[in-house]
Amino acid sequence: MDDVTDTVFRQIIGDLAAPDLYFTEFTSVDGMVSQAGREAVSRRLIFQESERPIIAQIWGNDPEKFFKAAQMCAEMKFDGIDINMGCPEKSVVKRGMCSGLIHNPQLAAKIIKATKDGADGIPVSVKTRLGMREIEPDWIKHLLNQDLAALIIHGRTVREMSKVPAHWDEIGKVVQLRNEINPKTVIIGNGDVESYEDGISKVNQYNLDGIMIGRGVFKNLWIFDKSGQIHNPSTEERLQQLSKHTKLFVETWGDTKSFAILKKFFKCYISDFDGASELRTKFMETKNLKEVQTLVSASI
Ligand SMILES: Cc1cc2nc3c(=O)[nH]c(=O)nc-3n(C[C@H](O)[C@H](O)[C@H](O)COP(=O)(O)O)c2cc1C
């Protein structure tokens, strides 16, 4: 998730309950291959060995740039490359990128091929939606014909953004298509999964190979705990975890990332206890690590 799943957040989550697979934030191939843009996007591709297996997610509309970006990902020793064909942001869709590729299947195929050619054998996957304005099985069939290592399906159309519940029955139909067209492609379902148990039940119900969880991690930082145990951390534990996250954020990014980006995580820690809302308001006024640490000490 953009501005969420950077190396800091992945390390924090990995220490609590690690997922089987990590994905980077989506990273522009235009940025990666240009001298001027490289520095700006490079932060997105930083990772530690503890975050393996890790997949670089990339986006754009120029096959040649995907080829070069894939070479770079392979050199950086990523475990795989995922191509974003699902982001519904109008500005990128208009430029024929991300879900803008749904109605340009020929270019999508060229992009996949170029990425595979540059990837030096590491697996290449695609993340996409069910269709543009309506469900488009032909789009899914087209992708299944590209011999992808995995296909990740966010169970909504582009038009639906995130406004309706994910259509899990349609994700199930993708599994059936996969069985007919290309049994080797791994199918991962995505959309609204809020617990480990819910994920496993969807895997079983729809015969999926895996589940991708995005926003569910905000409500439960232990969501990837395979015991399925519901964690109910004490206020002290929550605040100490927040302090740890803030410290790692500041140590990793210094002045290169705005402190405001960190604040979107405060709600993950400061919620579900008496007085959480008032305390969160105080934390939202902090401007640096020292202020967070002082407030944490004063609050436990
Ligand atoms: C803040 C935010 C940033 C996101 N950034 C990305 C991204 O960079 N790449 C991507 O494939 N999907 C991105 N998504 C979409 C999620 O990965 C996911 O497909 C969507 O939120 C539905 O799944 P969920 O209900 O598990 O969150 C983002 C979603 C959110 C809320």
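The values are calculated or read from the model by the stated rules, or taken from the named source; none is laboratory data. None of these values were measured; they are calculated from a predicted model. Quick reminder, even Gly has a Cβ in these numbers, built from the backbone with ideal geometry, and neighbours come from all protein chains shown. Heavy atoms of the whole protein, side chains included, go into the accessibility calculation; ligands, DNA and RNA do not. Shrake-Rupley method; radii C 1.70, N 1.55, O 1.52, S 1.80 Å.
Calculated translational diffusion coefficient of the chain (20 °C, 1.002 mPa s; Stokes-Einstein with Kirkwood radius over alpha-carbon pairs) equals 106 µm²/s. Structural size metrics of the range 223-294, computed from C-alpha coordinates, are Rg and Dmax of 13.1, 38 Å.
Principal-axis analysis of the Cα atoms of the chain puts helix 63-75 at an angle of about 50° to the longest axis.
With a Förster radius of 25 Å applied to the beta-carbon distance between Ser91 and His142, the computed FRET efficiency rounds to 0.50.
The Cys residues in the chain with no partner Cys Cβ within less than 4.7 Å of their Cβ are Cys73, Cys268. With respect to the cross-link table entries Lys244/Lys287; Lys113/Lys163; Lys267/Lys290; Lys68/Lys163; Lys94/Lys163; Lys244/Lys267, which display a Cα-Cα separation exceeding 25 Å? Table pairs above 25 Å Cα-Cα are Lys113/Lys163; Lys68/Lys163. Note on the chain: with neighbouring protein chains present and a 1.4 Å probe, carbon and sulfur make up 49 percent of its accessible heavy-atom surface.
Among residues other than Leu295 with Cβ under 14 Å from its Cβ, the summed charge is +3 (Lys and Arg +1, Asp and Glu -1).
Seen from Asn220, the other residues with C-beta closer than 13 Å to its C-beta sum to a net charge of -1, counting Lys and Arg as +1 and Asp and Glu as -1.
Between Asn232 and Leu107, the modelled label-to-label distance comes to 5.2 nm, taking each label 7 Å out from Cα in the direction of the beta carbon.
Here the label points at Ser162 and Ile200, each 7 Å from Cα along the C-beta direction, are separated by 2.6 nm in the simple model. Relative to the dominant Cα principal axis of the chain, helix 7-16 is inclined by about 70°. Which shape class, rounded, prolate or oblate, goes with the range 1-139 when its Cα gyration tensor gives a ≥ b ≥ c as root eigenvalues, a/c under 1.5 marks rounded, and past that a/b bigger than b/c marks prolate? Prolate. Net charge in the neighbourhood of Ser28 (other residues with Cβ under 10 Å of its Cβ; Lys, Arg +1, Asp, Glu -1) is +1.
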